[in-house]
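A short write-up of the structure that comes next.
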Amino acid sequence: MNKAIAVLTQHRSPILLAAGVAVVVIVGVLSGVKPLQLSLTEMLIRMTIVVGLYVFVGNSGILSFGHIGFVCIGAYAAGWATADPSWKQLMLSGLPSFLQDEEYPFLVAQAGAMALPAVVALALGAAIMRLRGIGASIATFAFLMIIQSWYSNWDSVTAGASSLARLPTVVDPWIGLVFAVGAIAVAYLFQISRWGLMLRASRDDEVAAKASAVRVVRERLIAFVLSAAIVGAGGGLYAEFLGSMTVDQFFLEMTFVTLAMLVVGGIGSLSGAVVGVVVVTFVIEFLRTFEHGFSIDGVKLVLPSGSQEIGLGVVMALILILRPTGLTRGREIGAPHGARAPQPASRGFAIPGVEIPNAIHFDRPS
């Protein structure tokens, strides 16, 4: 009994995060309000994606602008597996027969949504992970542009600019909760593993890490592949949540919102990733409600279109000014004495107001 309590105490941070998310979902489901349940489901999907992004960005210190490309790959992989075969035969003539003529179960589709981005990340990361700082970040953005252009013009496989439709809408708050908690657990296990520790060591001081026999490129690649698999699962959930989708949904807007969630919560901790999703989702839903209009003494007031983006930008700017390390300040919830995530040893050029360990920096001459 004492041993079990000790284990729970040692790992209370992910337990508290998972329990908090579960309570929010239970309250939302019991309310019986359908729009609230839809918002909760979307929040949980975003949480899976942001936690997956944290696995790489938070541990490596390399800011990635291209992870939404993996979300797109995962979403379309799930869509190919679960779309109505008669529709695929008509619209997606370029698909191989084992996808074109069959409709696979949800879990099989999710496995594909994780496997395909992981394979792409392994091939891509073998080159990108050798870059450092701003070069690696720009390379990930170039990857996002390639995926956007490729999927937008691959008419026989992705339906091009048209929608990939006829998908089953099976994702609800409970399924979203399972994947969000699973993502938190995987991210935490990686964070405390030897690979996560070595990767953070290379983030804080790459020269010292290499001198200690840390294979920096390998550790980055492991995190990159794992991160791609998790965000790919989030893409698969999006496909089975929306029922239809286009390539444009997985581009700059989603990239901005996802990075905003990570930065607002705190890019240096798993708790920051989770808290950032909850806070930014609340802001988005609040502004979305006011965009639809509200009445005061019979007078209907409507916020102009685009208020969500403006409001989110204002919130992000305030966070960067008032709390550069995010709402959690790089701390894990429940950590003893408010323990902080390891801080960077070097002083590179960083995004103004954001303490991102070696995320974007120019190499200094030796």
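The values are calculated or read from the model by the stated rules, or taken from the named source; none is laboratory data. All figures in this text were calculated on a predicted structure; none of them were measured in a lab. Here Cβ is always computed from backbone atoms with ideal geometry, including for glycine, and neighbour counts include all displayed protein chains.
Would you check if there is a residue in the stretch 79-101 being closer than 13 Å to GLY234 by Cα and touching an Asp or Glu at 6+ places or on another chain (Cβ under 8 Å)? First the steps, then the outcome.
Narrowing the stretch 79-101 to residues closer than 13 Å to GLY234 by Cα: 79.
From the residues that got through so far, the ones that are touching an Asp or Glu at 6+ places or on another chain (Cβ under 8 Å) too are none.
Scanning the stretch 79-101, I find no residue that is closer than 13 Å to GLY234 by Cα and touching an Asp or Glu at 6+ places or on another chain (Cβ under 8 Å), so the answer is no.
Here PHE65, PHE56 are screened, and the one residue that is closer than 18 Å to GLY276 by Cβ and outside any helix (DSSP H, G or I) is PHE65.
Of the residues making up the stretch 120-134, those that are loosely packed, with under 15 Cβ neighbours inside 10 Å and without any contact (Cβ under 8 Å) to a residue 24 or more places away in the chain number 2. All but one of (1) out of contact with any Phe, Trp or Tyr (no Cβ under 6 Å at 6 or more places or on another chain); (2) modelled with pLDDT of 95 or more; (3) of a type in the set (Val, Ile, Thr) hold for VAL231, so report the exception by its number. VAL231 satisfies every listed condition except (1).
Residues that are β-branched (Val, Ile, Thr), buried (at least 24 other Cβ atoms within 10 Å of the Cβ) and at pLDDT 95 or above are absent from the stretch 141-148.
For the stretch 328-348, the count of residues that are surrounded by 13 or more Cβ atoms within 10 Å (Cβ to Cβ), part of a helix (DSSP H, G or I) and either modelled with pLDDT of 50 or more or among the aliphatic types (A, V, I, L, M) (or both) is zero.
Residues considered: GLY66, GLY52, GLY61. Of these, the only one that is farther than 12 Å from GLY176 by Cβ and touching a Pro at 6+ places or on another chain (Cβ under 7 Å) is GLY61.
Of the set (1) within 29 Å of GLY20 (Cα to Cα); (2) loosely packed, with under 14 Cβ neighbours inside 10 Å, all apply to ALA213 but (1).
Regarding the stretch 285-302, can at least one residue be identified that is within 19 Å of the chain's Cα centre (by Cα) and either touching a residue at least 12 places away in the same chain (Cβ under 8 Å) or within 27 Å of LEU17 (Cα to Cα) (or both)? Checked against the condition, which is being within 19 Å of the chain's Cα centre (by Cα) and either touching a residue at least 12 places away in the same chain (Cβ under 8 Å) or within 27 Å of LEU17 (Cα to Cα) (or both), the stretch 285-302 yields at least one hit.
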